[in-house]
């Protein structure tokens with residue numbers, strides 16, 4: 001689980017990324033308490049080394065020793081950026097209530113199937129501080145939605161223009177729709193093969209036996225073209241519709257394929273492509289808007305970053 005908000009890793013790198021030899025331990029800092037030593041300031045509000053350490057631990061990042069100071073410097077950049085956005089969200093009077101925080105936590109609990117408190121405790125992470133991170137996440141998400149996503153729109157004329165200018169993107173090759181069953185050993189694959197030969201439904205066997213992620217969908221891989229999948233999958237292009245392959249070995253295990261359908265090469269129509277083009281153009285416009293907005297926000301923010309303080313953070317993770 002990644003405990004720090006995705007927002008922390010978003011955005012433009014406004015603060016010059018320090019080379020490894022530029023981020024050096026501060027000899028005098030070693031005798032200063034982490035609760036006192038200031039790693040950065042955002043509009044005069046300090047980020048102490050202690051807060052940086054706590055958040056770094058909660059992020060779950062464990063860099064190699066060789067790159068540790070560079071990773072910490074980048075993390076401090078993102079933390080400054082996060083504080084900057086959080087203060088803007090508060091200035092905009094964005095509110096997040098406890099029910100919304102609890103709803104997000106329940107969603108995470110359902111996703112991981114584990115008790116969040118126990119999971120955090122096993123990693124030495126304080127639940128209440130992690131919960132505060134969730135509050136910040138939602139605040140910043142709402143700010144970005146308000147300042148970026150809601151201010152971007154894509155006109156139908158833009159979609160049409162893109163479709164006409166990028167015709168080659170909508171040329172699709174011959175495609176096949178395939179189901180697969182994947183098991184760990186050849187012996188298991190042989191038993192599956194016997195079930196299929198005895199008349200068992202392929203999708204039902206996939207749901208019960210397959211170890212692949214799409215097992216819950218009856219092993220359905222959807223449509224793909226030659227070269228879109230590992231070479232071992234190419235066997236399906238020589239099969240008849242409805243046919244079932246023999247056992248195929250790959251680095252992922254032992255496969256049995258069923259060819260469900262075929263589609264001939266051709267051009268994807270405008271109506272079929274419309275939704276995907278809108279999403280693509282919207283993402284591109286959001287990215288441009290986000291960078292411009294963040295640059296403007298930074299211009300209104302006074303910040304200081306003390307990279308040397310990170311060299312004093314010889315603490316255990």
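The values are calculated or read from the model by the stated rules, or taken from the named source; none is laboratory data. Computed from a predicted model, the values in this text were never measured in an experiment. Cβ: placed from backbone, ideal geometry, glycine included. Neighbour counts: every protein chain shown.
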Exactly one of 170, 233, 224 is in contact (Cβ under 8 Å) with a residue 40 or more places away in the chain and farther than 24 Å from residue 277 by Cα, and that one is 233
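Hey, among the residues in region 172-183 that are surrounded by fewer than 18 Cβ atoms within 10 Å (Cβ to Cβ) and at pLDDT below 95, which one's farthest from residue 225 (Cα to Cα)? Break it down stepwise before answering.
First, the residues of region 172-183 that are surrounded by fewer than 18 Cβ atoms within 10 Å (Cβ to Cβ): 172-174, 177.
The next check asks that each one be at pLDDT below 95; those that pass are 172-174.
Details: 172: 8, 173: 6, 174: 6 Å.
Applying the filter and picking the extreme gives 172.
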Check on residue 294, surrounded by 13 or more Cβ atoms within 10 Å (Cβ to Cβ), more than 27 Å from the chain's Cα centre (by Cα) and either touching a residue at least 40 places away in the same chain (Cβ under 8 Å) or closer than 23 Å to residue 172 by Cα (or both): no
Name the single residue, out of those in region 297-313 being surrounded by fewer than 15 Cβ atoms within 10 Å (Cβ to Cβ) and in contact (Cβ under 8 Å) with a residue 40 or more places away in the chain, that is nearest to residue 149 (Cα to Cα). 302
Scan region 246-268 residue by residue and report those that are without any contact (Cβ under 8 Å) to a residue 60 or more places away in the chain and either under 25 Å from residue 172 (Cα atoms) or under 32 Å from the mean Cα position of the chain (by Cα) (or both). 248, 250, 251
Test each condition in (1) more than 23 Å from residue 81 (Cα to Cα); (2) within 28 Å of the chain's Cα centre (by Cα); (3) free of Cβ contacts under 8 Å to residues at least 60 places away in the same chain for residue 288 and report the one that comes out false. (1)
When (1) surrounded by 17 or more Cβ atoms within 10 Å (Cβ to Cβ); (2) more than 30 Å from residue 115 (Cα to Cα); (3) modelled with pLDDT under 95 are applied to residue 133, the one that fails is (2)
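Which of the residues spanning region 113-130 are loosely packed, with under 12 Cβ neighbours inside 10 Å and under 17 Å from residue 58 (Cα atoms)? Walk me through it before giving the result.
Within region 113-130, the subset loosely packed, with under 12 Cβ neighbours inside 10 Å is 113, 115, 118, 122, 124, 128.
Listed by number, the residues that qualify are 115, 118, 122, 124, 128.
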Run residue 64 past the list (1) over 23 Å from the mean Cα position of the chain (by Cα); (2) at pLDDT 80 or above; (3) exposed (fewer than 13 other Cβ atoms within 10 Å of the Cβ) and report the number of the one that doesn't hold. (1)
Return the pair list, or none, for Cβ contacts closer than 8 Å from residues in region 107-127 that are assigned by TED's automatic domain parsing to the domain that holds residue 57 to residues that are at pLDDT below 85 and assigned to a helix (DSSP H, G or I), at least 6 apart or on different chains. 119/112
Residue check: is residue 16 modelled with pLDDT under 90 and exposed (fewer than 11 other Cβ atoms within 10 Å of the Cβ)? no
